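Accompanying notes for the structure given below.
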Amino acid sequence: MKQYQWIRLAAVTAIVTLLSTGCSMLGTKEQSQPIDPPPTGAASVPIQPVSAQVAQNQSQIPNPNLSAITIYTKDSYGFIAPISIQVEKSLEVAKIALESMVDGAAASKSMPAGFIGIIPKGTTIKGINIVKDQKLAIVDFSKAFTDYNQQDERKIMEAIVWTLTGFPSVEKVQLRVEGKALKEMPQGGTPLDEPLTRAMGINLEKPEGVEYGQSTPVTLYFLGQNQDNYPYYIPVTRMVKRTDNLAKAVVEQLIVGPDGKKGLSAVMTPGTELKQVKNADGLITVDFSDKVLGPDKKAPGNALRAVVLSLTENAGVATKVQITVNGNAKVSSSDNQSYALPVGRPSVVNPSKL
């Protein structure tokens, strides 16, 4: 993502809309294609919960007629966060995902307390076309999509883009209303002159002293918790001083921790020290000092999962992560998971009770 693209949209939205500039793709020939379902069994280590409560949810016998999908909704703190839900298997799974994100949809009743659909109430998903060779999803909404509070504009965009790009066949998203391409968002005027991607970031954060033109975005996973003590991971895109070592910056920022004023919790053990990060041939090796370990000589499970989620988010989902302590790969977590071998990105994040 070129630096000027960040600066351009910083002038349009209060917290930067990280979009690309250039020619519109409205003239591209569309092909209506069924969207690829989310991958299953892709993680090198089984998906583990952030608490025993979630473990109980995951221990249920799988229903062969249901498929797990991840949608992005708004939590009680105003963050856009992923929730994995079970839906009926269908070739229209992407459409079902967006329908589940409409404010007041039936699916919202089964979301964790404090979570609400972010797509404006009454919106109908009229269709999703996939331009397969471009990995482009063109979504057509009903007129009700334009009726929202301006402060939610970016959150709506983030939720739609991050939900649809969670499917392997989609990397870019274009928005339409009643068949007509949107050139800008209806309320705040955020430009939509090119398809949206995850490069726009999510839950954007710019620390003091960091200038947009001299910065690099990193997406980090911290913890949130609702009033029912349901813990969940929240992705935050933070602007850091420009760097070419993205993997190192990610781990360093996880150690720095979240903005304590926003309701997020740190994942790393206080005093954690990063010794080295190596990134080669699709494998990122992260070496910590033994200060990452607890009294039981195990690393916090939440911390290790956050490291894997954050690194694979920034480096690509095909990347694997090897975690070591003082160069030793025989690392286990507080929830008794072994990290002795490289692990891949979880296929499910924040399971819910749908």
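Listed values, structure above:
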item: Those lysines that a straight Cα-Cα span of less than 17 Å connects to Lys74, excepting residues fewer than 8 apart in one chain; result: Lys109, Lys121, Lys155, Lys262, Lys353
item: Gln151 versus Glu92: modelled label distance in nm, points set 7 Å from Cα along the beta carbon direction; result: 3.5 nm
item: Full-stretch length increase - Asp296, Glu208 - with 0.36 nm per residue and alpha-carbon distance subtracted; result: 27.9 nm
item: Hypothetical label at Asn63: residues of the range 76-107 whose amide nitrogen lies under 12 Å (7 Å Cα-Cβ projection); result: 86-89
item: Accessible area per residue, Å², the range 250-330 with all protein chains present, probe 1.4 Å; result: 47 Å²
item: Kirkwood Rh in Å, taken over all unlike Cα pairs in the range 219-318; result: 14.2 Å
item: For Lys121, distant residues with modelled amide H under 5 Å away; result: Asp103
item: Amide H contacts under 5 Å for Thr324, placed H, 5+ residues apart; result: Val286, Asp287, Phe288
item: Estimated distance in nm for a label pair at Ser110 and Glu194, the labels positioned 7 Å out from Cα along Cα-to-Cβ; result: 3.9 nm
item: Sum of side-chain charges, Asp335 neighbourhood, beta-carbon under 11 Å (Lys, Arg +1; Asp, Glu -1); result: +2
item: Cα-based shape type of the range 315-354, given that a ≥ b ≥ c are square roots of the gyration tensor eigenvalues and the cut on a/c is 1.5; result: oblate
item: Under 19 Å from the Glu178 label point (7 Å along Cα→beta-carbon), backbone N, the range 103-127; result: 120-127
item: Whole-percent carbon and sulfur share, accessible surface of the range 209-354, 1.4 Å; result: 48 percent
item: Residue-normalised accessible area of the range 166-233, expressed per residue, 1.4 Å probe, Å²; result: 40 Å²
item: Mean Cβ neighbour count within 10 Å, used as a protection proxy, ranking 334-347, 303-316 highest first; result: 303-316, 334-347
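The values are calculated or read from the model by the stated rules, or taken from the named source; none is laboratory data. Only a predicted model underlies this, so the values are computations on that prediction, with no experimental measurement involved. Please note: Cβ atoms are built from the backbone with ideal geometry, for glycine as well, and neighbour counts cover all protein chains shown. Accessible surface areas use protein heavy atoms only, side chains included; no ligands, DNA or RNA. Shrake-Rupley method; radii C 1.70, N 1.55, O 1.52, S 1.80 Å.
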